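A.B. asks: Could you have a look at this structure, given as structure tokens, before my questions?
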Ligand code: SF4
């Protein structure tokens, strides 16, 4: 029996995920053809299946797309060489990378152009790490733990960058060990761990004294979801990652619990889980409000406007995508509404 569920805010969709979901939804509205998306648009099973059921094919390699396909690149960032191949092969490629991932790519380029070797803290095989290392593969070193920092052999100056979605508890020990090993280590003034990652983690830390268990809603391949679980476990509190209500069958929970969600998990899944838990009380636990907003990719906005003008010219105003969903009013249109409109 669950007594209280602390419903933690902020949770779920961040500004980068909002933007990427809306961008792919717009692509489906303005192009008739199948949209090919490089990597999962965001790391969430429900969202990926939703798009697959609406004429999106996810690919892991440019070889998988036909010539002249319409392509979207995912929120996690794409290495420059892969983006070039997509641009050459497709009729149109729109990049829905999160601006905070782009910031890390710019930092990597800035350091490596100056001859500085970059230590990149991230998860091997994760789409974001693959894209970032692709900025300058010969001059960047991917590390996951302190042991790998110890083994690094770098001549000259070094800089330290990070995947945006790390747990603070995994980032800090590696940062300290790198600073100790490389005396002139350079780092960006503002941390690479993004606002959404740190806000969700500090919110969960804040709620911990009230609960005995934390449920983190999100998919297995979602780095920031796993980071939330790690963060809770590092404080010796039980944490479970759950995809949806089906996973409740495998766990025993009682007493007071907290529920949060990774940055790519839709909120209806959180509420479905709470409904199944049937707690005596739901407590809104608001750690912080978020107001970040990232505009849609510029080329996509221009294309929607162009198509709208074209339809208006031919008196087809009832079909104008801009009129139906308001691309100029994008800030007030949520990713949840975009998904519901498919
Ligand atoms: Fe961008 Fe952070 Fe969201 Fe990743 S988790 S998409 S870096 S805001």
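A.B. asks: How big is segment 1-157 on each of its three principal axes, counting only the C-alpha atoms and giving the largest first in Å?
C.D. replies: Its Cα atoms span 57, 52, 22 Å along the three principal axes.
A.B. asks: Please compute the Cα-Cα pair-distance distribution of segment 14-68 with 10 Å bins starting at 0, giving whole percents from short to long.
C.D. replies: For segment 14-68, the binned pair fractions read 23, 58, 19, 1 percent.
A.B. asks: Arrange 333, 46, 26 by Cβ neighbour counts within 10 Å, fewest through most, would you?
C.D. replies: Fewest-to-most Cβ neighbours within 10 Å comes out as 46, 333, 26.
A.B. asks: Looking only at segment 126-167, which residues have a backbone nitrogen under 14 Å from a spot 7 Å from the Cα of residue 109 in the C-beta direction?
C.D. replies: Label zone hits: 132-137.
A.B. asks: Let me know the shape class of segment 41-102, please: from the alpha-carbon gyration tensor, a ≥ b ≥ c as square roots of the eigenvalues, rounded when a/c is under 1.5, otherwise prolate if a/b is greater than b/c, or oblate.
C.D. replies: Here segment 41-102 falls in the oblate category.
A.B. asks: Here is a follow-up. Mind running the shape call on segment 100-181? Use the C-alpha gyration tensor, a ≥ b ≥ c as the square roots of the eigenvalues: rounded below 1.5 for a/c, prolate if a/b tops b/c, oblate otherwise.
C.D. replies: Oblate.
A.B. asks: Kindly put 140, 72, 27 in sequence by how many other C-beta atoms sit within 10 Å of each C-beta, fewest to most.
C.D. replies: So the ranking, lowest neighbour count to highest, is 140, 27, 72.
A.B. asks: A further question on this structure: Starting from the Cα of residue 147, step 7 Å along the direction of its Cβ; do the same at residue 31; then give the gap between the two resulting points in nm.
C.D. replies: 4.4
A.B. asks: Let me ask something else. Run the quick spin-label model on residue 283 and residue 235: label points 7 Å from Cα toward the beta carbon, then report their separation in nm to one decimal.
C.D. replies: 1.3
A.B. asks: Please grab the % of Cα pairs in the chain that end up more than 37 Å from each other.
C.D. replies: Working: 13546 of 58311 pairs.
Every Cα pair in the chain considered, those over 37 Å come to 23 percent.
A.B. asks: While we're looking at this one, here's another question. Please find, in a Gaussian network model of the chain (springs between Cα atoms separated by less than 10 Å), the residue of 205, 306, 161 whose mean-square fluctuation is greatest.
C.D. replies: Residue with maximal mean-square fluctuation among 205, 306, 161: 306.
A.B. asks: How do the peptides 121-127, 232-238 rank, highest first, by the average count of neighbouring beta carbon atoms within 10 Å per residue?
C.D. replies: Order by mean packing, descending: 121-127, 232-238.
A.B. asks: Compactness ratio of segment 92-234: Cα Rg over 2.2 N^0.38 Å, N = residue count?
C.D. replies: The value comes to 1.09.
A.B. asks: Another question about this same structure. Where does each of 293, 195, 111 land when they are ranked from fewest to most other beta-carbon atoms within 10 angstrom?
C.D. replies: Lowest to highest Cβ neighbour count: 293, 195, 111.
A.B. asks: Something else about it: Rounded to the nearest 0.05, what FRET efficiency do residue 252 and residue 155 give with R0 = 45 Å and r taken as the Cβ-Cβ distance? Could you check? All intermediate terms of the calculation are to be shown ahead of the outcome.
C.D. replies: Values: r = 54 Å, r/R0 = 1.19.
Given R0 = 45 Å and the Cβ-Cβ separation, E is 0.25.
Each value in this text was obtained by applying a stated rule to the coordinates, not by laboratory testing. Note that the coordinates shown come from a computational prediction; the quantities given were computed from them, not determined experimentally. Using ideal geometry, Cβ is built from the backbone for each residue, glycine included, and neighbour counts are taken over all protein chains shown.
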